[in-house]
1. Tell me, which residue of the range 5-27 that is within 16 Å of the chain's Cα centre (by Cα) and closer than 13 Å to PHE92 by Cβ is most open to solvent (accessible area, probe 1.4 Å)?
2. So how many residues does the range 45-55 have that are open to solvent by less than 40 Å² (accessible area, probe 1.4 Å) and more than 10 Å from the chain's Cα centre (by Cα)?
3. On the given criteria, is GLU78 in contact with a Pro (Cβ under 9 Å, 6 or more places away or on another chain), surrounded by 10 or more Cβ atoms within 10 Å (Cβ to Cβ) and either at pLDDT 85 or above or among the basic types (Lys, Arg) (or both)?
4. Scan the range 85-102 and tell me whether some residue there is open to solvent by 60 Å² or more (accessible area, probe 1.4 Å), at pLDDT 90 or above, within 17 Å of PRO1 (Cα to Cα) and aliphatic (A, V, I, L, M).
5. Looking only at the range 28-43, which residues are touching a residue at least 40 places away in the same chain (Cβ under 8 Å) and surrounded by 13 or more Cβ atoms within 10 Å (Cβ to Cβ)?
Amino acid sequence: PYINQEFDSLDDVYNFYNWYALKKGFGTRKSSSNKSTITRDVLFKGFACDKEGFKKQDERDNVHRRRNTREGCMALIEIQMKKHEKWIVTKFVEEHSSRPSTL
């Protein structure tokens with residue numbers, strides 16, 4: 001992926017980034033989006049590494065019920081609908097942190 005790369009549809013971007021992530025050794029998830037307030041069409045979409053961000057600690061108890069899967073990875077792609085109905089890559093972060101998960 002690269003900045004200003006064009007795609008015909010949102011599905012094309014999603015499939016391409018999943019393929020790219022698989023080759024690099026990580027999974028993906030949908031991260032953020034913005035819709036038009038008038039038409040409700042998606043105008044902006046982001047896809048990120050499935051280990052992006054950090055989970056909030058539950059302050060009610062210190063019992064770890066699940067494995068921590070969020071490690072702060074910054075790998076992502078953001079796309080925006082531009083004129084001529086094309087999706088354009090507006091942000092791409094290649095760096096993937098591959099720390100092993102802890103229990």
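The values are calculated or read from the model by the stated rules, or taken from the named source; none is laboratory data. Bear in mind the structure is a predicted one, so any value in this text is a computation, not a measurement. When we count neighbours, we look across all protein chains shown, and the Cβ atoms used for this are built from the backbone with ideal geometry, even at glycine. The protein model used for the area step is the full one, side chains on, heavy atoms only, and it has no ligands, DNA or RNA in it. Shrake-Rupley method; radii C 1.70, N 1.55, O 1.52, S 1.80 Å.
1. Only one residue fits best here, namely LYS24.
2. Residues meeting the conditions: 1.
3. no
4. no
5. Within the range 28-43, just SER31 meets the criteria.
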